[in-house]
Structures are given as structure tokens and as C-alpha cells.
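Okay, structure first, notes after.
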Amino acid sequence: MSGLGHLRALPSTDEVLRAPELVDLSRTVSHSQLIAWIRKATDDSRKRLLNGEVADREILFQQIVHRVNNLYRHDLGRSSRSVINCSGILLHTNLGRAPLAKTAIQRIIDAASYTNVEMNLETGLRNSRGERVTELLSLLTGAEAALVVNNCAAATMMVLQTLAAGREVIVSRSQLVEIGGGFRLPEVFEISGARLREVGTTNRTYAHDYERAISDQTAAIIRVHRSNFSQSGFVSEPSLADLIEIGKRHSIPVIDDVGSGCISALRSTEPVVAESISAGADLALFSGDKLFGGPQCGIIVGHQRWIAAMKKSPLMRALRVDKLILAALESTTEIHLSHTASEELPLLRSLHKSAESIRHDCETVLAALTTSATTSLHIESCCSEVGGGSLPGCELPSYCLTLTGPDPDDLSTQLRRMNPAVVARIHRNAVQLDLRTVLDSQLPQLIECLQRVI
Ligand SMILES: *Cc1c(COP(=O)(O)O)cnc(C)c1O
């Protein structure tokens, strides 16, 4: 009885609503959201009382108000906001992977209202969704046809289901990859209805392993790029050309999951989409928002015959992308076609930045700031990474601003609370801001945010 008696000390929702500490909050968030937080905070206090905690009315009131503020901050932190990426990770999955080109952003804005997503404005007649962008993608990659779906995982599923449902697809044991965020090849196979026919070993797979696995059950051979790890040592596997030769001899299509969508060769081992097509792959798949530098989508290029079959699949309606993505993708593809990608795509600009120019940016920011008594800033060399499962192990030499103060965790929390939020990394008990991933247009904003925190 005494525990329940305590419950009477809990303030009512209305009382908490009138708390002077919550007046500002009630002006910026909806009434229903505020009520939901108060109820949650009150429930929490009720549970503690029932667990035997003792608190008077005033303490309970302050506890609840305090918790409401924490819930607000927590939820604000999850609400979408613009970010200045100082993590040094170019394709940061938690930060939305590739930042879009200015023209792609403008196309999204233009398409956000009514737009001719399924109409040719010249004739006034209907055309199929994404018709233009898929033509551009064919032009860019040298493929007969193209198709756009929600992401590369969807592309894989679509391809496996269309080509191989109920039959086998041969894959090397060295390529049964897991990409972050739940993409595990064996699981994608399972939901597509295709059967996995594993060949070779983790480190070595030979052309004859594929050849021997071919039967009347075989629907396709798939090669999957090891996007986020590399193998070295006693390793071997046939080239794409070898697989294509085997495929041709047995009339079996070869699918190449190239992953990151590299359009022109980088100083690395990332496969180039057009090379895969010219080598004779029947289908190549890649993400739109990795090295391609566009919006989230999965792009399938290859033989008209297979693309036509996928277009007719009922899955297509479920996996198709919306008009905003198509608009941004069209613009990004045009940029690749016009050979201006390394200037216009922020991702490639960041990737190609020299360490010297990053150092120069660090000096510009440093010169614009005045540090306080408790914090200090200096320039250090560091390493950026591509991330997002591209170019594993390729470290890009860079420079960062290192901010030291009494509490680095607190400094980085304060930076994240800015608008735009500044996302840095903590390294050796200091806050490191790698400027490789900061877009040129964001430097003035970064200076402003840093000045406020310091
Ligand atoms: C990234 C990647 C995927 C998954 O792509 P999403 O667009 O994230 O779905 C699939 N395969 C490879 C080889 C990849 O690199």
C-alpha cells in the first residue's frame, strides 16, 4: 500500500506541460510529441517508485522535466539534418553514402512537384518510367539495355529470381560476401528462390571447378566483387574472361556483381562496369550511391533479352525507384557521360583531392579561428578511407584538424548538435576533423560551427 501511495506524488501530464523549463520546447515541437515524451518520462518515474525508490513531489517533477529534455535531444539527434562529414570516410553508410552533385540536387527539387516521369513532353504520349535514364546508362556502360531498382541488393535479387528461380547459380566460396547492413549473398539467394551452387575453396577456385559444377540445373554463373575485404597469399581464381568463356561454351549467362559502380579506372582494383560488359558479361550490377556518386539505387546493365524479362517481372513494381531518384540518377549519369565527373561529383572530388590541398584547407580553417583557454587546435596528417565497401585497405593520405580539450567526447557531442551537424572522429583522446570529406561549400559553415563550440 505504501508504494502505491507514493504514486500520488507523480505530477499530472498537464502540470509537467506547464513547467517553465519546457516552455521553449513547446514552441518548437508538436503538442502530441511533447505529451508522448512526458508520458514516457512519467512512466519511467512510476516504475522506479514501484521498485521502491523514494522521492518527493518536487524531485519527481524535476526528474520528469529532465528526462523530457533528454528524450527531446535523443529524438532530435535522430531527426534528419544536414551534416558536415569530418569523419574522413567518403562513403559513410550512416551518413547516406555519396553526396549528390549540385545539378542532381536541383533535378530532385524540380522533380519534387509534378514532373514528366512517364510522359514524353515532345509527343504528349506515355513513355515507360526511367526510359531516358536507362538509355543513358546503356550509352555509358556500352550495354544493350539497363534497369534501375531500389539498391544493389534488390538488383541481385531481381537478377537471380528472373534468371534462376528454382535452378542453380554457381559461385566461388571466396565470393560469398556479406556487405554491411544485412546484405549476405547466401540469404539473398534464398529469398530469390535460386539455389546456391558453391564451388572451390575460400582461397582457391579454378575454372575447372565451375566447369565441373555445370549440369542441367545450372541457370547462371555469378562473380561477386569482394568490395569490403581483400585476399592475399595462396589465392587464385579464374578471371571474368575465363568465366565468360565457360558460360559461352555451355550457353550459361554470366552475372557480374561489381558492387561500387566504378565508371573510369581508379588506381585500384575496383572493377570498371564498361570493362565487365565489353568482356562479355551478360549482366553487370552495381550501386548508384557508391563510387558512381549518385542517389541510392541498384543499376543492372546487360543483354536486352534479360532486361526485358526483368521489366515484366511482378517484382519490378515492388523494387522500382521513385521520380526523385530517377531525376538525380539522370543528372549523375549525364555528368559521367560528359566526362566532368571528377569535378562535378563531390565524391570523386573528395577522392581525388591531394593531401596538400587538404592541408591548405586546414590552414584556412585554423587561421579563421580563435581558440579558448581550454581548447587547442593543430594540424596533423591522417588517413581517409573510401568506406561503404569500396577499395578495402586503400588508405588516402590526408590532413586533419585536431581539437584537444578537457573532454573530447563532450566536444564531439557538441559538434554533432550543431546545425549542420559536424561529425568528427575521436582519435588518441582528441577530436580529429579530416577535411578530405568536407565539401568546398561547407568550409565557411564548418568554421562557424567550430568557433561556436570552442
Ligand atoms: C555494396 C554492394 C552490394 C549491396 O549494394 P547496396 O546498394 O548497398 O544494396 C552488393 N554487392 C556488392 C559487391 C557490393 O559492393
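The values are calculated or read from the model by the stated rules, or taken from the named source; none is laboratory data. Predicted model, so just to flag it, every value in this text is computed and none were measured. Heads up, the Cβs are rebuilt from the backbone with ideal geometry, glycines too, and the neighbour counts pull from every protein chain shown. Please note that ligands, DNA and RNA were not included when accessible areas were found on the heavy atoms of the full protein model with its side chains. Shrake-Rupley method; radii C 1.70, N 1.55, O 1.52, S 1.80 Å.
Taken together, VAL199, VAL169, VAL188, VAL159 contain a single residue that is within 30 Å of HIS339 (Cβ to Cβ) and open to solvent by less than 60 Å² (accessible area, probe 1.4 Å), which is VAL159. Restricting THR115, THR93 to those that are at pLDDT below 95 and under 23 Å from ASN151 (Cβ atoms) reduces the list to THR93.
State which residue is nearest to the ligand (Cβ to nearest atom) when the search covers only region 68-81 and only residues that are open to solvent by 40 Å² or more (accessible area, probe 1.4 Å) and touching a helix residue (DSSP H, G or I) at 6+ places or on another chain (Cβ under 9 Å).
So in region 68-81, the residues open to solvent by 40 Å² or more (accessible area, probe 1.4 Å) come out as 69-70, 72-74, 76-81.
Okay, now just the ones that are also touching a helix residue (DSSP H, G or I) at 6+ places or on another chain (Cβ under 9 Å), so 69-70, 72, 77.
Numbers: ASN69: 36, ASN70: 33, TYR72: 32, GLY77: 24 Å.
This residue is GLY77.
Matching residues to (1) within 14 Å of the ligand (Cβ to nearest atom); (2) open to solvent by less than 20 Å² (accessible area, probe 1.4 Å); (3) touching a strand residue (DSSP E or B) at 6+ places or on another chain (Cβ under 7 Å):
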residue	(1), (2), (3)
ARG223	yes, no, yes
SER227	yes, yes, yes
SER236	no, no, yes
VAL273	yes, yes, yes
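Only one entry in SER287, SER278 is within 12 Å of the ligand (Cβ to nearest atom) and either on the phi < 0 side of the Ramachandran plot or touching a residue at least 24 places away in the same chain (Cβ under 8 Å) (or both), namely SER287.
Looking at the structure I just gave you, is THR269 hydroxyl-bearing (Ser, Thr, Tyr), within 14 Å of the ligand (Cβ to nearest atom) and either modelled with pLDDT under 95 or closer than 30 Å to GLN451 by Cα (or both)? Full working, then the answer.
Working: hydroxyl-bearing (Ser, Thr, Tyr): yes; within 14 Å of the ligand (Cβ to nearest atom): yes; either modelled with pLDDT under 95 or closer than 30 Å to GLN451 by Cα (or both): yes.
Yes: the conditions hold for THR269.
Across region 102-157, the qualifying residues are those that are of a type in the set (Gly, Ala, Ser) and more than 25 Å from the chain's Cα centre (by Cα), and the one among them that is nearest to the ligand (Cβ to nearest atom) is ALA143. Of the residues making up region 280-292, not a single one is under 27 Å from GLU211 (Cβ atoms), modelled with pLDDT under 95, assigned to a loop (DSSP other than H, G, I, E, B) and not hydrophobic (A, V, I, L, M, F, W, C).
Of all the criteria given as (1) over 25 Å from ILE335 (Cβ atoms); (2) open to solvent by 10 Å² or more (accessible area, probe 1.4 Å), the one not satisfied by ILE255 is (2).
Contact map, region 118-139: residues that are part of a strand (DSSP E or B) paired with residues that are at pLDDT below 95, Cβ distance under 6 Å, separation 6+ or inter-chain. Pairs shown: ASN120/ASN127. Counting the residues of region 158-189 that are of a type in the set (A, V, I, L, M), more than 16 Å from the ligand (Cβ to nearest atom) and touching a strand residue (DSSP E or B) at 6+ places or on another chain (Cβ under 7 Å) gives 3.
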